[in-house]
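Student: Pasting a structure below so you can have a look.
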Amino acid sequence: MVHLKESVRGKHIYLVCSFGAKYKGLSVNDLLMEIQLICNALEESGVKKIMILNTSCGYSRQDRTKLGERKPLSSKVISNILRLHYKVKGILIVDIHCEQIQNAYQRVYYENLEVAPIFAKEMAEYIESNYEKDVKICVVSPDHGAAARNKIFITHLESYLDTKIHYSIMY
C-alpha cells in the first residue's frame, strides 16, 4: 500500500526509482508495479507533473526492432503506460546502456544522465591519494557493448590524471 505523508496537490514530483534489477528480492515486474502504484497515488492526490529519475532501466535490452513482427519493444510499452495512465511527463535515466532506447521515449521528455565524468573524477582522486604517480592503469570492458561508455570514462580519467590510460576488452 502507498501512503503519502504530505500533500502533493499541484506540485511537480521527482520520483527516484529503479526497475532494472532485483532490489530487496523484488523482480523487475514487481518494481515496475510498485512505481505504477506510487504514480497512481500521486495522481489521485492531485499532483501536477511527475518526472521519473530511473537509476536502472528494466527491459532496456529489448530495444531492437529486428526482433520480428508482432514483438513488443518493452521499453516503449512501459513508457506509454507511464505517460498515458499517469501524469509522467519525463523520464531521466542514469547512464543508459544503449542509446537506441531513447526511441522508446518519443512522447515524453527523455534525458540520459551520464555518470562517467563524476565517476572519473572520484576515481582520479582515489588513485592520486592511494598510488604512486607512475602507476599503470588499465580499464577493462566486459564486452563490446560497454566499450563506448568505457572510452568516454577513459577520456575523462586521462584528463584528470594527465596520463595515458590503457584499455582492454574481455572476450
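Student: If you take the residues in region 152-171 that are in contact with a Ser or Thr (Cβ under 9 Å, 6 or more places away or on another chain) and among the hydroxyl-bearing types (Ser, Thr, Tyr), which one is most open to solvent (accessible area, probe 1.4 Å)?
Tutor: Looking at the filtered set, the residue picked out is 167.
Student: Let me ask something additional. Right, residue 43: outside any loop (DSSP other than H, G, I, E, B), charged (D, E, K, R) and at pLDDT 90 or above or not?
Tutor: yes
Student: While we're here: Checking residue 23 against (1) open to solvent by 40 Å² or more (accessible area, probe 1.4 Å); (2) modelled with pLDDT of 85 or more, which single condition isn't satisfied?
Tutor: Going through (1) open to solvent by 40 Å² or more (accessible area, probe 1.4 Å); (2) modelled with pLDDT of 85 or more one by one, residue 23 breaks only (2).
Student: Can you give me the number of residues within region 1-20 that are of a type in the set (Gly, Ala, Ser), open to solvent by less than 50 Å² (accessible area, probe 1.4 Å) and at negative phi?
Tutor: Count: 2.
Student: All but one of (1) closer than 24 Å to residue 48 by Cα; (2) in contact with a strand residue (DSSP E or B) (Cβ under 7 Å, 6 or more places away or on another chain); (3) open to solvent by less than 80 Å² (accessible area, probe 1.4 Å) hold for residue 83; which doesn't?
Tutor: (2)
Student: Between a residue in region 74-91 that is outside any helix (DSSP H, G or I) and any residue that is aromatic (Phe, Trp, Tyr), which pairs come within a Cβ distance under 9 Å, given they are 6 or more apart or on different chains?
Tutor: 89/109; 90/105; 90/109; 90/110; 91/105; 91/109; 91/110
Student: Here's a follow-up. Quick one: count up the residues across region 112-151 that are open to solvent by 70 Å² or more (accessible area, probe 1.4 Å), of a type outside the set (Ser, Thr, Tyr) and part of a helix (DSSP H, G or I).
Tutor: Matching residues across region 112-151 total 9.
Student: Continuing with this model, one more query. Just to be sure, is residue 107 surrounded by 11 or more Cβ atoms within 10 Å (Cβ to Cβ) and part of a loop (DSSP other than H, G, I, E, B)?
Tutor: Yes; evaluated as a whole, the condition is true for this residue.
Student: Report, ordered by the first and then the second residue, all pairs with beta carbons closer than 9 Å, sequence separation of six or more or different chains, a first member in region 127-156 that is touching a residue at least 24 places away in the same chain (Cβ under 8 Å) and farther than 11 Å from residue 168 by Cα, and a second member that is open to solvent by 80 Å² or more (accessible area, probe 1.4 Å) and among the acidic types (Asp, Glu).
Tutor: So the pair list comes out as 149/114; 152/114.
The values are calculated or read from the model by the stated rules, or taken from the named source; none is laboratory data. Keep in mind it's a predicted model, so treat the numbers as computed, not measured. Ideal geometry is used to build each Cβ from the backbone, glycine not excepted, and the neighbour counts take in all protein chains shown. Please note that ligands, DNA and RNA were not included when accessible areas were found on the heavy atoms of the full protein model with its side chains. Shrake-Rupley method; radii C 1.70, N 1.55, O 1.52, S 1.80 Å.
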